[in-house]
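Enquirer: Please see the structure below; I have some questions.
The values are calculated or read from the model by the stated rules, or taken from the named source; none is laboratory data. The model shown is predicted, which means the values in this text are computed figures rather than measured ones. When we count neighbours, we look across all protein chains shown, and the Cβ atoms used for this are built from the backbone with ideal geometry, even at glycine.
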Amino acid sequence: MDLFRNNTHYQPEISYKVMTESIDIIGWTLAISLGLVHLFISRGRWLAAIPKKWWISAAGGVSIAYIFLDILPELGAAQTEVEHSNIPLIEYLENHVYLLALLGLALFYGLEKLALKSRTHRLWHSEQDCTHPEVFWLHITAFALYNAILGYLLREAGNHGLLPCLLLFFTLVFHFVVNDVSLREHHKQSYDRVGRWWLAGAILFGWVLGQVVHLNEVAITAIWSVMAGGIILNVLKEELPEEQESHFGMFLAGAAFYAVILLSA
């Protein structure tokens, strides 16, 4: 999406800069706010007061609108950009960006299957309905990297205006809350004690990294494409619940409402 990519074409090297007074306050505020979502909002009692199938279906509608009206068009634009790059490995491939998105989707799908297998094995052998410690760390590290990349891509959020930033923020709040519920289900107390702090810190770390390290545009596009695949998988996996746990009216309302906002922004 436009917040995650810009129109400046950097030279193919990494550049460094020292943080100055021109810190992107909007990006920093977004990073802190999204970190607080991991720490507090997803544990709030308000979730228990609202029927789960209502809010998770509304979140699914919002996120599906986000995928079809923002992520997929951006992947198409990114594909055109990468095709004109001079990176030796990439020039031999077709549909480079879509392959990277597929890789991201496959990686997060593999992590989900691993977590489910670990929970089943531990429940069967020790009657503990949570993952093994090594699987917990692998899962949390992957999502921390996911968040760090997201934080990095917020580095110039202030250049895109307040409304796009607010749209991104509310989309990610829905996304993070549903992801947190899933991670807490897999890892139980380990997530509350350690995992949520790692995820919150990773966003801030990514933003700080974005202030001192600037990658070229093609590298950013490649990273964004892998993360987009992970977003698509997590949305389809978590935010489109099974029939008995879903509410089609709330899903449709969420999708229609957010589609109107995106198209009019």
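Enquirer: Before we move on, is Ala265 surrounded by fewer than 20 Cβ atoms within 10 Å (Cβ to Cβ) and either at pLDDT below 85 or in contact with a Ser or Thr (Cβ under 6 Å, 6 or more places away or on another chain) (or both)? It would help to see each step written out before you state the result.
Expert: Details: surrounded by fewer than 20 Cβ atoms within 10 Å (Cβ to Cβ): yes; either at pLDDT below 85 or in contact with a Ser or Thr (Cβ under 6 Å, 6 or more places away or on another chain) (or both): yes.
The answer is yes for Ala265.
Enquirer: Right, next: Which residue, of Ala106, Ala78, is at pLDDT below 80, in contact with a helix residue (DSSP H, G or I) (Cβ under 8 Å, 6 or more places away or on another chain), in a helix (DSSP H, G or I) and of a type in the set (A, V, I, L, M)?
Expert: The unique qualifying residue is Ala78.
Enquirer: Can you confirm whether Leu30 is surrounded by 13 or more Cβ atoms within 10 Å (Cβ to Cβ), modelled with pLDDT of 70 or more and out of contact with any Cys (no Cβ under 8 Å at 6 or more places or on another chain)? Break it down stepwise before answering.
Expert: Numbers: surrounded by 13 or more Cβ atoms within 10 Å (Cβ to Cβ): yes; modelled with pLDDT of 70 or more: yes; out of contact with any Cys (no Cβ under 8 Å at 6 or more places or on another chain): no.
No; evaluated as a whole, the condition is false for this residue.
Enquirer: So is Gly210 of a type outside the set (A, V, I, L, M, F, W, C) and in contact with a Lys or Arg (Cβ under 6 Å, 6 or more places away or on another chain) or not?
Expert: On the way: of a type outside the set (A, V, I, L, M, F, W, C): yes; in contact with a Lys or Arg (Cβ under 6 Å, 6 or more places away or on another chain): yes.
It is true that Gly210 is of a type outside the set (A, V, I, L, M, F, W, C) and in contact with a Lys or Arg (Cβ under 6 Å, 6 or more places away or on another chain).
Enquirer: Could you check the range 109-140 and list, in sequence order, the residues that are surrounded by 13 or more Cβ atoms within 10 Å (Cβ to Cβ) and of a type in the set (Lys, Arg)?
Expert: Lys117, Arg119, Arg122
Enquirer: Between residues in the range 16-45 that are part of a helix (DSSP H, G or I) and of a type in the set (Val, Ile, Thr) and residues that are surrounded by 14 or more Cβ atoms within 10 Å (Cβ to Cβ) and modelled with pLDDT under 85, which pairs lie under 6 Å by C-beta distance while being six or more apart or on different chains?
Expert: Ile26/Ala157; Ile26/Gly158; Ile26/Cys165
Enquirer: Quick one: which of Leu168, Leu172, Leu114 is part of a helix (DSSP H, G or I) and more than 17 Å from the chain's Cα centre (by Cα)?
Expert: Details: Leu168 fails: more than 17 Å from the chain's Cα centre (by Cα); Leu172 fails: more than 17 Å from the chain's Cα centre (by Cα).
Only one candidate qualifies: Leu114.
Enquirer: Is there a residue being in a helix (DSSP H, G or I), over 22 Å from Leu233 (Cβ atoms) and modelled with pLDDT under 85 anywhere in the range 188-209?
Expert: The answer is no; no qualifying residue exists.
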